[in-house]
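The structure under discussion appears below in the form of C-alpha cells.
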Amino acid sequence: MYDEFDKSLLDVLQHAGKSSAQDLAERTHLSATPCWRRVKRMEEDGVIEKYVAVLDPRKVGLHATAFVHVSLTDHTEATIARFDAFVQASDQVTECYSITGEADFVLKVMATDPEDLESFIMKELLGLGVVRASMTNFVLRRTKDTHALPLHGFAPGRG
C-alpha cells in the first residue's frame with residue numbers, strides 16, 4: 001500500500017529526479033533510510049519506470065517538432081507489425097500513440113529543421129508502404145512541456 005509520503009516522494013522525484021536520499025528526506029519530512037526503502041519499493045513495483053535527463057531540443061540541434069497523424073493502409077497484423085517496428089527503430093519518433101478518430105496513430109517527430117522533417121515524412125514514413133494517409137501539424141512554439149504526471153489518482157491505500 002502507498003501513502004501520502006510515497007506520493008510526496010514521487011512528486012519530488014518527478015521534478016528533481018537526481019535528488020539524493022538526504023534531499024528527499026528533507027523535502028518529505030522522513031529520514032533518509034525510509035525514503036530510500038520507499039523509492040526502492042516503488043522502483044521494484046514498476047511505479048517508477050526509469051530515470052532520465054531531459055534535454056532542451058534546440059540545444060541539441062532539433063529545431064522542428066511535428067505531430068503526424070497516420071492512417072494505415074489496413075489493420076492486418078503484418079501491417080501493424082511493420083509500422084510498429086519502424087516507429088521503435090526511429091529515433092526521430094519520440095512518442096507514438098494508437099488513437100481513436102480518423103487516424104490510427106499520432107507520432108511526435110523531432111527534426112533538425114523543416115526540410116529534415118519533410119524528408120523523414122516523405123522518404124521514411126510514407127516510403128514504408130503501409131501508410132494510407134498522413135496529416136502533419138507543425139509545432140510553432142512550445143507553451144508547456146512537462147514529464148510530471150498528475151498524482152491526484154495516486155491515492156493512499158492503493159497499491
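The values are calculated or read from the model by the stated rules, or taken from the named source; none is laboratory data. Every value quoted in this text rests on a predicted model; they were computed, and no experiment measured them. Note that each Cβ is placed from the backbone with ideal geometry, even for glycine, and that neighbours are counted across all protein chains shown. What goes into the accessible areas is simple: the full protein's heavy atoms, side chains included, and nothing from ligands, DNA or RNA. Shrake-Rupley method; radii C 1.70, N 1.55, O 1.52, S 1.80 Å.
Data for the structure
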| item | result |
| --- | --- |
| Residue list for segment 39-56, restricted to those being open to solvent by 100 Å² or more (accessible area, probe 1.4 Å) and not β-branched (Val, Ile, Thr) | Glu44, Glu49, Lys50, Tyr51, Leu55 |
| Flag for Met1 being within 24 Å of Ala148 (Cβ to Cβ) and open to solvent by 70 Å² or more (accessible area, probe 1.4 Å) | yes |
| Restricting segment 115-144 to residues that are part of a helix (DSSP H, G or I) and in contact (Cβ under 8 Å) with a residue 24 or more places away in the chain, the residue that is farthest from Gln92 (Cα to Cα) | Leu128 |
| Strands (runs of 3 or more DSSP E) enclosed by segment 1-113 - at least 1 residues per element that are touching a residue at least 24 places away in the same chain (Cβ under 8 Å) and closer than 19 Å to Phe138 by Cα | 64-72, 105-111 |
| Residue under evaluation Leu128, criteria (1) modelled with pLDDT of 95 or more; (2) open to solvent by 30 Å² or more (accessible area, probe 1.4 Å), criterion not met | (2) |
| Selected residue (only one of Lys123, Lys144 is loosely packed, with under 14 Cβ neighbours inside 10 Å and either farther than 25 Å from Thr76 by Cβ or touching a His at 6+ places or on another chain (Cβ under 7 Å) (or both)) | Lys144 |
| Qualifying residue in segment 18-26 (condition: open to solvent by 100 Å² or more (accessible area, probe 1.4 Å), closer than 21 Å to Thr146 by Cβ and at pLDDT below 95) | yes |
| Residues of segment 75-96 satisfying the condition of being surrounded by 11 or more Cβ atoms within 10 Å (Cβ to Cβ) and either within 14 Å of the chain's Cα centre (by Cα) or within 15 Å of Phe120 (Cβ to Cβ) (or both) | Phe83, Phe86, Val87, Ser90, Gln92, Val93, Thr94, Glu95, Cys96 |
